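Trainee: I am attaching a structure below and will ask some questions about it afterwards.
The values are calculated or read from the model by the stated rules, or taken from the named source; none is laboratory data. Just so it is clear, the structure is predicted and the values come from calculations on it, not from any experiment. Ideal geometry is used to build each Cβ from the backbone, glycine not excepted, and the neighbour counts take in all protein chains shown. Side chains included, ligands, DNA and RNA excluded: accessible areas come from the protein's heavy atoms. Shrake-Rupley method; radii C 1.70, N 1.55, O 1.52, S 1.80 Å.
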Amino acid sequence: QVTLVESGGGSVQPGGSLTLSCAASGFRFISNSLGWYRQAPEKQRELVAHITAQEYAEYPESVKGRFTISRDNDKDILYLEMHSVKPEDTAVYYCHLEGSPHWGQGTQVTVSP
């Protein structure tokens, strides 16, 4: 049974930093691509960061240079480091096993003064 459990969300001021974690189980973590997505109120879910099994990472322009995705293949944990956050980064952030129907429950990130 695949499970993905996000943590680390919260409130942060503009310009601040936050690190999200996603604890994974139920599949061969080291062999799979993973992603972070986010969904703001009344908006579609969008990709934030993607990392392959070979640890090649991709980002959309909206977060490039500010967010970093990484993975710990020993602990089966996916991370998202968020720096220089902006109010428009406010959303529920989800961990996703790419190419599967499996998503985490999400963690709220709120960026406000």
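Trainee: Can you list which of the trypsin sites (Lys or Arg not before Pro) found in the stretch 49-113 are DSSP loop residues with at most 12 other C-beta atoms within 10 Å?
Mentor: Sites meeting the loop and neighbour criteria: 64, 75.
Trainee: Filter the GluC sites (Glu not before Pro) in the stretch 36-90 to those in DSSP coil with at most 12 other Cβ atoms within 10 Å of their Cβ, and list the result. Mind dumping the intermediate values first?
Mentor: Details: sites: 42, 46, 55, 58, 61, 81, 88; in loops: 42, 55, 61.
Taking the stretch 36-90 and a limit of 12 other Cβ atoms within 10 Å, the loop GluC sites (Glu not before Pro) found are 42, 55, 61.
Trainee: If you roll a 1.4 angstrom probe over the protein chains with everything in place, what fraction of the accessible area of the stretch 1-85 belongs to carbon and sulfur, to the nearest %?
Mentor: 45 percent
Trainee: Quick one: if the Förster radius is 35 Å, what FRET efficiency do residue 66 and residue 103 give, using the C-beta to C-beta distance and rounding to 0.05? Spell out each step's value before the answer.
Mentor: Details: r = 23 Å, r/R0 = 0.66.
E between residue 66 and residue 103, to the nearest 0.05, is 0.90.
Trainee: Based on DSSP loop calls and a cut-off of at most 16 other Cβ atoms within 10 Å, the longest stretch of the chain free of exposed chymotrypsin sites (Phe, Trp or Tyr not before Pro) is what? Write out the running numbers ahead of the final one.
Mentor: Numbers: sites that count: 27, 56.
Longest site-free region, per DSSP loop and neighbour criteria: 57-113.
Trainee: Sticking with this one: What number comes out for accessible area per residue over the chain if the probe is 1.4 Å? Units Å², please.
Mentor: Numbers: 5980 Å² over 113 residues.
Counting only protein heavy atoms, the per-residue value for the chain is 53 Å².
Trainee: Next up: Just grab the label-to-label distance for residue 39 and residue 1, each label 7 Å out from Cα along the Cβ direction, in nm (one decimal).
Mentor: Each label point lies 7 Å from its Cα, and together they span 2.2 nm.
Trainee: Net charge near residue 66, counting Lys/Arg +1 and Asp/Glu -1 over other residues with Cβ under 10 Å of its Cβ? Can you show the working numbers first?
Mentor: On the way: positive: 64, 86; negative: 81, 89.
Taking every other residue near residue 66 into account, the sum is 0.
Trainee: Let me ask you something else. Looking at the chain, what % of the alpha carbon pairs are farther apart than 22 Å?
Mentor: 25 percent
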